[in-house]
Amino acid sequence: MTFFSYATLDRQAPLREQADQLQQRLHSPHSRILIWYQGKLIARETLAPFFSFDELMELKVYLGEPLFLGEQAQTSYFAYQLNQWHSAFAGIEPVGLRKYSAQIDDDLLSLLFYAQGLVNWHHNHPYCSNCGSLARISQAGHARLCENAECGATHYPKIDPAVIFSIVNNTGPESKILLGRKAMWDAHRYSVIAGFVEPGETLEDAVRREAYEETGLKLQRVDYVASQPWPFPDSLMLGFESETTEHEINLLDQELEAAAWFGADEIETKLQQGLFKMPTAISISWKLIDRWFSQQKGYSVKSLEP
Ligand SMILES: [Zn+2]
């Protein structure tokens with residue numbers, strides 16, 4: 001099962017080393033360019049956030065180096081970092097992808113998450129982690145090369161694996177799902193459990209450890225479901241569903257403010273009363289909750305959300 005895919009985009013990795021070919025594509029009227037400013041996307045239209053190269057001609061000195069994303073149907077996709085705000089973008093409020101429209105389709109969302117991940121990595125890793133010298137962008141944005149000739153290390157984008165998982169208890173008359181909330185979230189918002197994978201762990205180990213640390217529950221079954229890039233700043237969310245026969249919740253590491261068991265009927269009623277909020281619709285956490293909910297009710301949470 002895949003929740004997010006961008007199968008139609010060809011990343012064209014061999015082109016990353018062919019500067020002439022890339023220049024040609026970048027200058028083509030068919031290229032579509034995304035602009036990032038301070039970690040946010042500059043989008044005139046939420047669902048069509050692209051610029052053409054011609055529109056950016058006068059801004060070239062304000063832009064970083066072009067990051068080549070790939071091609072689809074003879075259209076080449078690039079991303080730029082805007083280093084300094086320019087009046088050409090007056091009236092546009094840069095938008096954080098976390099708050100992006102729930103109307104967005106998986107194709108565009110995948111492209112934006114891909115670009116966001118690359119932009120974040122360059123922004124957060126200006127120096128060589130081997131010797132501390134400046135490193136410059138290479139391979140059309142898919143690597144950084146240390147500028148110190150004695151070192152010359154090549155670095156590739158860093159991705160942090162994190163597990164995210166539903167915990168279900170099927171021992172009672174009704175299936176229940178465990179959902180938790182953090183103190184900083186808005187009222188009534190709940191989500192599934194998540195945490196980073198530690199060195200030496202398998203993904204299943206990480207699920208079991210995080211489940212115990214955050215909820216005190218020991219899991220019986222742990223099954224992989226799907227993954228989602230989550231570039232805030234550089235995670236790959238690996239989604240699982242798990243099952244426990246235990247009921248008693250203990251917030252051992254206090255990472256959650258609260259956690260509780262919910263039945264599907266209760267979620268439906270509370271959603272309608274405004275006493276329950278799902279995670280953001282573009283997240284795998286939403287999809288994991290909806291997957292369980294749909295199995296219980298035969299329909300999606302989508303029809304119930306405001
Ligand atoms: Zn170096």
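Residues that are in contact with a helix residue (DSSP H, G or I) (Cβ under 9 Å, 6 or more places away or on another chain), part of a loop (DSSP other than H, G, I, E, B), open to solvent by less than 50 Å² (accessible area, probe 1.4 Å) and not hydroxyl-bearing (S, T, Y) within the range 223-279 comprise P231, F232, D234, I249, L251, L256, F276, M278, P279, listed in sequence order.
Of all the listed residues (D160, D106), the sole one being surrounded by fewer than 18 Cβ atoms within 10 Å (Cβ to Cβ) and modelled with pLDDT under 95 is D106. A residue that is out of contact with any Ser or Thr (no Cβ under 8 Å at 6 or more places or on another chain), assigned to a helix (DSSP H, G or I) and not hydroxyl-bearing (S, T, Y) occurs somewhere in the range 6-14. Of the residues examined, L145 is one that is within 16 Å of the ligand (Cβ to nearest atom) and surrounded by 15 or more Cβ atoms within 10 Å (Cβ to Cβ). Condition check: within 16 Å of the ligand (Cβ to nearest atom) and either open to solvent by less than 10 Å² (accessible area, probe 1.4 Å) or in contact with a strand residue (DSSP E or B) (Cβ under 8 Å, 6 or more places away or on another chain) (or both). Does H188 satisfy that? No.
For (1) crowded, with 16+ Cβ neighbours inside 10 Å; (2) within 16 Å of the ligand (Cβ to nearest atom); (3) at positive phi, each residue gets a yes or a no:
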residue	(1), (2), (3)
P49	yes, no, no
F53	yes, no, no
L63	yes, no, no
L69	yes, no, no
Y77	yes, no, no
Q84	no, no, no
P94	yes, no, no
G117	yes, no, no
A149	no, yes, no
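A residue that is assigned to a helix (DSSP H, G or I) and surrounded by 15 or more Cβ atoms within 10 Å (Cβ to Cβ) can be found somewhere in the range 298-306.
The residue pairs whose first member lies in the range 265-286 and is assigned by TED's automatic domain parsing to the domain that holds K176 and at positive phi, whose second member is at pLDDT 95 or above and not in a helix (DSSP H, G or I), and whose beta carbons are closer than 8 Å, counting only pairs six or more residues apart or on different chains, are G274/H188.
K182 meets all of the listed conditions (1) under 20 Å from S294 (Cα atoms); (2) out of contact with any strand residue (DSSP E or B) (no Cβ under 7 Å at 6 or more places or on another chain) but one, namely (1).
Within the span defined as the range 196-218, every residue fails to be more than 15 Å from I177 (Cβ to Cβ), in contact (Cβ under 8 Å) with a residue 60 or more places away in the chain and outside any helix (DSSP H, G or I). Of all the numbered requirements in (1) within 30 Å of E241 (Cα to Cα); (2) modelled with pLDDT of 95 or more, L9 misses one, and that requirement is (2). When the residues of the range 120-132 are narrowed to those that are under 19 Å from G152 (Cβ atoms) and crowded, with 16+ Cβ neighbours inside 10 Å, which ends up farthest from the ligand (Cβ to nearest atom)? Looking at the filtered set, the residue picked out is H122. Residues of the range 133-142 that are open to solvent by 10 Å² or more (accessible area, probe 1.4 Å) and within 16 Å of the ligand (Cβ to nearest atom): S133, L134, R136, I137, S138. Within 16 Å of the ligand (Cβ to nearest atom) and either surrounded by 14 or more Cβ atoms within 10 Å (Cβ to Cβ) or in contact (Cβ under 8 Å) with a residue 40 or more places away in the chain (or both): is that true of S175 in this structure? Answer is no for this residue.
The values are calculated or read from the model by the stated rules, or taken from the named source; none is laboratory data. Model, not experiment: these values are computed from the prediction. Using ideal geometry, Cβ is built from the backbone for each residue, glycine included, and neighbour counts are taken over all protein chains shown. Please note that ligands, DNA and RNA were not included when accessible areas were found on the heavy atoms of the full protein model with its side chains. Shrake-Rupley method; radii C 1.70, N 1.55, O 1.52, S 1.80 Å.
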